[in-house]
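What follows is a single structure, written as structure tokens, with notes after it.
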Amino acid sequence: MNKLDELLNYNHQALNLRSQRQQVLASNIANADTPGYKARDFDFQSALANAIAQPAAAQASGGAAPAPAPQPELLYRSVLQPSVDGNTVDMDVERAQFAENTLHYESNITMLTHHIRMMLAAIRG
Amino acid sequence: MKIFDIAASAMTAQSQRLNVVASNLANADSASGPDGKAYRAKQVVFSTQNMGGPENAGVRVTGVIEDPSPMKRQFEPNHPMADASGYVTMPNVSVVEEMVNMISASRSYQNNVEAMNTAKTLLAKTLTIGQ
């Protein structure tokens, strides 16, 4: 992994996970009225730590091809107000998480853009 | 990004639910249908639809069932559909329940529209990386 990859890797992995989490949360919102559906989510912090550790490990073992990013472990959300039909989607929680994830995704993109601009400035001098 | 598919499946399911609610409300007083019997309230059944991987769960309507609750019986001896004792069998539609169902469906629909709009904004923003 060269220096340029290294610089962008963190935000790249974070963006990937943010987009995956957005899908998980969208699934929860979509299934708010499905009987028996259990709300899912994953621990972003540990998932990101895993994703960043992975390419480094692949590099150490001499693997040339980049290993596919490890899938985050999907967990079930602990439920505060269970409903009779077995559905555990709490719309307030899901909407709040969705908004939070959106904001983080956007801030990641801003960071990535700034990194790229910084490197361009360094190249052009 | 599968968010568009996921939200679209939920919106289709919710609008089907709205259709059923509209049918129920429209037929709340239909004492006779094509089969000669009073209308029975219909309900949709939602189930999770796998869209590739456990993190992509859409929704689909697996069936429309007839409400098994007992029909309403109304005393109207002058009604043409009245039986020997003067009672007319009326639909088992609960108008209050249907109104609540309608609001719930419309809110869920709006939530999914919101999710889709957010995904669209994020994708548009993704295209600006490096600019």
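The values are calculated or read from the model by the stated rules, or taken from the named source; none is laboratory data. Note that the structure is predicted; figures quoted are calculated from it, not measured. Cβ: placed from backbone, ideal geometry, glycine included. Neighbour counts: every protein chain shown. Note: accessible area is taken over every heavy atom of the protein model, side chains too, but ligands, DNA and RNA are not part of it. Shrake-Rupley method; radii C 1.70, N 1.55, O 1.52, S 1.80 Å.
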Report task. Give the number of residues within the range A:19-34 that are open to solvent by 10 Å² or more (accessible area, probe 1.4 Å) and either in contact with a Leu (Cβ under 9 Å, 6 or more places away or on another chain) or at the interface with another protein chain (Cβ under 7 Å from one of its Cβ atoms) (or both). Result -> 5
Requested in this report: Select from the range A:56-86 the residues that are out of contact with any helix residue (DSSP H, G or I) (no Cβ under 6 Å at 6 or more places or on another chain) and modelled with pLDDT of 85 or more and list them in ascending order.
Outcome: A:GLU73, A:LEU74, A:LEU75, A:TYR76, A:ARG77, A:SER78, A:SER83, A:VAL84, A:ASP85, A:GLY86
Requested in this report: Taking B:GLU66 as the residue in question, decide whether it is modelled with pLDDT under 95 and either more than 30 Å from A:LEU8 (Cα to Cα) or in contact with a Cys (Cβ under 8 Å, 6 or more places away or on another chain) (or both).
Outcome: yes
Requested in this report: List every residue pair whose Cβ atoms sit under 8 Å apart, with the two residues 6 or more apart in sequence or on different chains, where the first one lies in the range B:98-117 and is on the phi < 0 side of the Ramachandran plot and the second, anywhere, is of a type in the set (Phe, Trp, Tyr).
Outcome: B:ALA115/A:PHE98; B:MET116/B:PHE4
Query raised in the report: When you look at B:ALA38, is it assigned to a loop (DSSP other than H, G, I, E, B) and buried (at least 17 other Cβ atoms within 10 Å of the Cβ), yes or no?
Result: yes
Report task. Restrict the check to the range B:119-130 and report whether at least one residue is open to solvent by less than 60 Å² (accessible area, probe 1.4 Å) and closer than 19 Å to B:THR12 by Cα. Result -> yes
**Report entry** Every pair of residues 6+ apart whose Cβ atoms lie under 7 Å, when the first sits in the range B:75-91 and is within 17 Å of B:GLY33 (Cβ to Cβ) and at pLDDT 90 or above while the second is outside any loop (DSSP other than H, G, I, E, B) and open to solvent by less than 90 Å² (accessible area, probe 1.4 Å)
**Finding:** B:VAL88/B:GLN74; B:MET90/B:GLN74
Requested in this report: Just give me the residues in the range B:17-74 being closer than 27 Å to B:LYS2 by Cβ, free of Cβ contacts under 8 Å to residues at least 12 places away in the same chain and more than 14 Å from chain A (Cβ to nearest Cβ), in sequence order.
Outcome: B:ASN19
**Report entry** Tally, over the range A:92-104, of residues that are open to solvent by 100 Å² or more (accessible area, probe 1.4 Å) and either assigned to a loop (DSSP other than H, G, I, E, B) or under 24 Å from B:THR48 (Cα atoms) (or both)
**Finding:** 1
Query raised in the report: What do you reckon, is A:VAL89 modelled with pLDDT of 90 or more, part of a loop (DSSP other than H, G, I, E, B) and open to solvent by less than 50 Å² (accessible area, probe 1.4 Å)?
Result: yes
Report task. Go through the range A:105-125 and count every residue that is of a type outside the set (Ser, Thr, Tyr), at pLDDT 90 or above and surrounded by fewer than 16 Cβ atoms within 10 Å (Cβ to Cβ). Result -> 11
Report summary line: Scanning the range B:75-131 residue by residue, those closer than 19 Å to A:ILE109 by Cβ, part of a helix (DSSP H, G or I) and more than 9 Å from chain A (Cβ to nearest Cβ) turn out to be B:ASN117, B:LYS120, B:LEU123, B:ALA124
